[in-house]
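A short worksheet on the structure shown next.
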Amino acid sequence: MFTRRDMLGRLAGGLTFLPAVAFAPRSILNTLLFEPDGSLVPAKPLPPNPFMRDGKALVAIVRGEDPPAMLQAGLNLIGGIGRLGLHGKRVLIKPNVVNDRPPPSTTNPKVVAAVVRLVREAGAHTVIVADSSGIIRFPSSANLAATGIKQAAESAGASVLALEEEPWVRVEPVGAKALPRYYVSKPVYDADVFINLPVVKTHRFAHYSCSLKNLVGIIHPRYRPSVSFLSPDWHERIAELNLAVHPHLTIADGTTLMIAGGPTSGTPARADILLVSGDRIALDAVAIALIRTFGAWPKVTEQAVWEQRQIKRAIELGLGVQGPRHIALVTQSLAGQDAPFERLVATIRKDLGV
């Protein structure tokens, strides 16, 4: 249900979105008015999470200033990249490239490069970095270049795609109510291994944006929540868009967080953190708890972690853990003894109920 504040916010968003679409290039208008060609395919089955301990989904929280070292530490904490069996596989890595602005609007290019290098070292046959930006911020190819992600990815050995320029497939997932059919990027669907690389940030309409929300970028623009900005079920739509394909690993960029506003611009806060997990719900819950420690965004602070609507619908759909009893946090500061980090972790644990 809408609050009055939500309604006013969405109307304001619409006043920005609609004029931008009206004056957009014909290619964008055609994208929104007409369905793409795309054959019907089954939704991908939910893969087993290889990053578990004692029946609980592991979530690593790592603090440091060197993204490659942080990434390696985070993966070591949950069992290592080897658990994905990447040798000879086609791997697609999906950062957040909503526009052409630097972090925290978009994923840190240093984090992208670190992930690409590690995946290649693990023996992946093909590595692709791909995203599709916000509709009124197309073309994604220009944003990938402007943010430095294209250069970082290619220098590390990946090819780069703007997904709105690629083919689509149609899915009709069982259990989807808000969106019973939609189109998903074919390169993402065809990948053997899908690695999700979101930013930890706030969002004016979705309340927060991390693993679940990052999959909006693999959906055909006609079916994205922003097109129906007055809909009261944004959160549920986001969760249901996760039914088509499933990340095998999520690495959330919290080197610089967005703690208010968002998703295209907002209040930044340096945190020097990476979150790493094989379970998108577990990771999102930790990301929400991290955002809540700053106390700057009422849309997140006024609801408990497990009451966030994205999380609740994702749990209903069976997309990951069912609650705090199924999460195990593993943590490390690369600085060694780090009392502020230990206090932060203790606060997150208490907020999560783990």
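The values are calculated or read from the model by the stated rules, or taken from the named source; none is laboratory data. Nothing here was measured: the structure is a model prediction, and the numbers come from that model. When we count neighbours, we look across all protein chains shown, and the Cβ atoms used for this are built from the backbone with ideal geometry, even at glycine. Just the protein is used for accessible areas: all its heavy atoms, side chains included, with ligands, DNA and RNA removed. Shrake-Rupley method; radii C 1.70, N 1.55, O 1.52, S 1.80 Å.
A few notes on this one:
- Scanning region 281-302 for residues that are open to solvent by 10 Å² or more (accessible area, probe 1.4 Å) and either touching a residue at least 12 places away in the same chain (Cβ under 8 Å) or within 12 Å of A252 (Cα to Cα) (or both) yields R292, T293, F294, A296, W297, K299.
- Flag not set for G353, criterion: surrounded by fewer than 16 Cβ atoms within 10 Å (Cβ to Cβ), in contact with a Leu (Cβ under 9 Å, 6 or more places away or on another chain) and modelled with pLDDT of 95 or more.
- Yes/no for A178 being hydrophobic (A, V, I, L, M, F, W, C), surrounded by fewer than 20 Cβ atoms within 10 Å (Cβ to Cβ), in contact with a helix residue (DSSP H, G or I) (Cβ under 7 Å, 6 or more places away or on another chain) and closer than 30 Å to A260 by Cβ: yes
- Filter result for T264 (farther than 23 Å from E316 by Cα, in a strand (DSSP E or B) and of a type outside the set (K, R)): no
- Search result, residues across region 99-117 that are touching a helix residue (DSSP H, G or I) at 6+ places or on another chain (Cβ under 6 Å), more than 15 Å from H203 (Cβ to Cβ) and not acidic (D, E): P109, K110, V111, V112, A113, A114, V116, R117
- A single member of P187, P173, P198 is buried (at least 24 other Cβ atoms within 10 Å of the Cβ) and touching a residue at least 24 places away in the same chain (Cβ under 8 Å), and it is P198.
- Residue check for L11: assigned to a helix (DSSP H, G or I), open to solvent by 20 Å² or more (accessible area, probe 1.4 Å), within 27 Å of V184 (Cβ to Cβ) and modelled with pLDDT under 95: no
- Test: H220 is crowded, with 20+ Cβ neighbours inside 10 Å and touching a Phe, Trp or Tyr at 6+ places or on another chain (Cβ under 7 Å): yes
- Residues of region 32-42 that are outside any strand (DSSP E or B) and open to solvent by 40 Å² or more (accessible area, probe 1.4 Å): L33, F34, E35, D37, S39, P42.
- Conditions (1) within 29 Å of R224 (Cα to Cα); (2) out of contact with any helix residue (DSSP H, G or I) (no Cβ under 9 Å at 6 or more places or on another chain); number of the one not met by I78: (1)
- Search result, residues across region 135-170 that are without any contact (Cβ under 8 Å) to a residue 40 or more places away in the chain and either open to solvent by 50 Å² or more (accessible area, probe 1.4 Å) or of a type in the set (S, T, Y) (or both): P139, S141, A145, K150, E154, S159, E165, E166
- Condition met for A252 (touching a Cys at 6+ places or on another chain (Cβ under 6 Å) and either open to solvent by 10 Å² or more (accessible area, probe 1.4 Å) or not in a helix (DSSP H, G or I) (or both)): yes
- Selection count where residues are touching a residue at least 60 places away in the same chain (Cβ under 8 Å), assigned to a loop (DSSP other than H, G, I, E, B) and either polar (S, T, N, Q) or in contact with a Phe, Trp or Tyr (Cβ under 8 Å, 6 or more places away or on another chain) (or both), scope region 225-246: 5
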